[in-house]
Amino acid sequence: MRNYSMLLQLLLVIVLTACYSSRRSKGGGQTNVPAIRETSPADIVLPEGYTAEVVASGLNFPTAVCFNDEGVPYVIEAGYSYGEVFTVPRLLKIVNGETQEVMKGNENGPWTGIAWHKGNFYIAEGGQKEGGKILKVTPEGKQTVLVDGLPGNGDHHLNGPVVMNDHIYFGTGSVTNSGVVGPDNADFGWLHRFPRLHDIPCQDITLAGVNYEAADALNKKGGAQTVTGAYLPFDSASTEGMVIKGKLPCSGAILRVPLQGKELQLVAWGLRNPYGLAESPDGKLYVTENGPDVRGSRPIWGTGDVLWEINEGSWYGWPDFMEGKPVALFKRPGGAKPQKVLQTQPGEVPKPVATLAVHSSSNGIDFSTSETFGWKGEAFIAQFGDMAPGVGKVLSPVGFRVVRVNVNSGSVEDFMSNRGKKTGPASWLGTKGLERPVSVQFDPSGKSLYVVDFGILQMTGDGQSKPVKNTGVLWKITKKSSL
Amino acid sequence: MKQMMIVAGMALCIACGSARRMPEGDMQGARENASLENGRHQYMKYCQKCHPMGEEGLGPALNNKPTPGFVEKFQVRHGLGAMPAFKKDVISKKDLGDLIKYLHTRKKAKRLS
């Protein structure tokens with residue numbers, strides 16, 4: 001038996017290693033784009049008793065929906081998509097499936113989220129060109145800038161907002177994948193616009209002096225290698241014990257301002273891309289965090305997206321802890337262990353509420369508050385779906401569904417996905433179902449769940465994004481028996 | 001030897017149909033016994049992110065393979081290939097037993113195709 005076991009082990013190692021490393025990435029964006037996007041709720045699977053319908057289609061990079069006091073849905077169109085496609089961000093009112101433009105924004109998308117509170121809209125303007133902003137917009141479309149100068153010009157943007165305790169809470173995405181600016185950021189596009197941009201900590205940090213060599217992505221050194229440290233501009237080396245001053249606004253954090261604007265306050269930090277924010281029925285703040293990719297100078301492998309409960313003042317570990325665990329655990333098969341970039345750890349790292357699929361891009365979140373809809377108290381999360389091979393390799397599409405999460409047990413279950421032998425966007429499966437769900441929102445009655453589907457975003461073999469305009473859809477899910 | 005051949009055969013990624021399962025209905029979880037519930041909990045904590053719902057993702061599909069429990073346990077403990085290993089101090093013997101039991105109920109759940 002002992003011999004068997006050893007032989008078996010040897011055999012499995014050979015078979016499995018060969019098997020995995022030789023398999024090509026088959027992400028959900030690695031597909032041909034259909035000439036037109038058609039929709040059919042029949043191609044979508046929901047738990048028994050639920051139905052899907054299309055509320056609006058032909059939307060241009062939609063990212064979020066909210067409702068006024070009468071329950072009328074309003075959708076925002078982002079105005080920017082990965083792939084460096086700039087369009088005009090817009091706020092639209094949806095009336096009988098038709099869209100009416102309420103207001104237009106500037107070329108500073110992506111608008112990532114919207115909230116309705118006491119007669120006004122609050123919009124998170126991503127800030128790819130001018131930095132993140134929080135806009136206050138009246139129902140007539142008159143806008144004021146409540147806060148500006150927030151992070152958002154890098155890999156990730158300004159996210160949120162959610163109104164709680166008379167404050168607007170929002171997330172600032174990190175500038176980079178894992179703290180170090182590299183050639184991957186030139187591929188994104190922004191490093192050419194902002195060659196000195198880098199992450200900013202919320203409090204003082206001390207660096208370990210770990211540096212990363214990379215190609216001369218900005219073509220300034222005649223092709224010589226560049227050397228970059230964490231929290232520093234591209235091609236600036238760090239030294240051991242170097243202190244980086246913390247300040248507000250910072251990147252990779254949850255911040256808030258009072259409803260009338262002004263004083264910026266720190267809520268939590270050490271997050272990578274805190275995308276979706278929601279208040280639970282018992283008044284706590286939950287946040288979805290997009291985990292790191294296998295890209296750039298400091299690639300991280302096998303890290304899930306995370307659902308966190310936000311404790312005020314806590315540090316959540318990025319860039320030295322992922323999912324609350326040391327970064328050394330997340331090494332690429334065959335690669336070196338990622339090293340910590342901080343010399344001292346700014347705090348104890350909390351434990352995740354739930355760990356979501358690696359590369360699923362778990363984004364918008366909302367809680368069920370209705371017995372009629374079911375799963376009262378559970379969180380519903382829209383998974384935009386992988387951007388492989390840009391983010392790393394997957395064997396099959398990951399995400400492209402809406403999951404529900406029990407925040408007490410951490411269990412993640414399928415709620416809305418496409419029919420088919422595999423999960424994937426409709427364009428990949430060749431069906432008329434879901435493409436890329438980016439956010440979810442219950443209507444004010446809590447009886448219907450609205451799902452914002454960004455539309456088609458293709459990925460090229462070399463990892464570039466190719467979004468397709470005007471392919472976004474707003475879906476509505478209802479429990480049949482509650483009609 | 002025969003046993004080894006069977007195991008090796010399975011490791012060669014023989015996919016037996018769809019790995020997808022129907023989404024659970026409301027309250028389905030509440031009907032589980034304590035050990036299955038613990039198994040689900042352990043699966044969610046340690047496996048779900050790479051084998052989402054037992055389907056293919058970062059790692060291969062699990063739902064559609066008739067791999068026996070002891071081989072799955074071996075894979076978890078030793079982390080062969082690209083998968084990380086989970087030793088007894090991370091997942092206890094009892095928890096792994098429950099986890100595999102849960103995985104096998106997933107395999108038997110109603111298929112979606």
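Listed by chain and number, the lysines whose C-alpha is less than 16 Å from the C-alpha of residue A:284, apart from same-chain residues fewer than 8 away, are A:351, A:376.
Before rounding to the nearest 500, sum -39500 (n - 2.57) across all DSSP H runs of length at least 4 in chain A and divide by the residue total; then give [θ] at 222 nm in deg cm²/dmol.
Counting only the DSSP helices, I get -2000 deg cm²/dmol.
As a quick test, which of the pairs A:26/B:101; A:331/B:93; B:45/B:94; A:118/A:142 have an alpha carbon distance above 18 angstrom in this structure? Let's see the in-between values first.
Values: A:26/B:101 30 Å; A:331/B:93 26 Å; B:45/B:94 15 Å; A:118/A:142 15 Å.
Over 18 Å apart, Cα to Cα: A:26/B:101; A:331/B:93.
For region A:103-111, putting each phi into the Karplus relation 6.51 cos²θ - 1.76 cosθ + 1.60 with θ = phi - 60° gives couplings of 7, 10, x, 8, 6, 9, x, x, 5 Hz, in residue order, rounded to whole numbers and with x for Gly and Pro.
Take each of the peptides A:444-455, A:224-235, average the number of other beta-carbon atoms within 10 Å over its residues, and list them starting from the highest.
Details: A:444-455: 22.5, A:224-235: 20.2.
Per-residue mean Cβ counts within 10 Å order the peptides as A:444-455, A:224-235.
Mean partner shielding of peptide A:359-368, defined as the number of other chain Cβ atoms within 10 Å of each residue Cβ, is 1.
Applying a 4.7 Å Cβ-Cβ cutoff to chain A, the cysteines left without a disulfide-compatible partner are A:19, A:66.
Going from the residue with the fewest nearby Cβ atoms within 10 Å to the one with the most, A:236, B:92, A:361, A:465 rank B:92, A:236, A:465, A:361.
If each residue of separation counts as 0.36 nm, what is the full-extension length gain between residue A:36 and residue A:248 once their alpha-carbon separation is subtracted? Can you show the working numbers first?
On the way: separation 212, 0.36 × 212 = 76.32 nm, distance 4.48 nm.
Length gained between residue A:36 and residue A:248: 71.8 nm.
Here region A:266-383 is described by how far its Cα atoms reach on the three principal axes: 51, 29, 18 Å, from widest to narrowest.
Given the convex hull of the Cα atoms of region B:31-112, what is a quarter of its surface area in nm²?
Result: 5.3 nm².
Quick one: Cα centre-to-centre distance for region A:337-361 and region A:134-208, in angstrom? Here the two parts' Cα centres lie 20 Å apart.
Calculated translational diffusion coefficient of region A:33-151 (20 °C, 1.002 mPa s; Stokes-Einstein with Kirkwood radius over alpha-carbon pairs) equals 139 µm²/s. Here region B:37-89 and region A:367-446 have alpha carbon centers that stand 21 Å from each other.
Just so you know, all these numbers are worked out from the coordinates, no wet-lab data involved. What you see is a predicted model, and the numbers here were worked out from it, not measured in a lab. Counting neighbours? That spans all protein chains shown, and the Cβs are built from the backbone with ideal geometry, glycine included.
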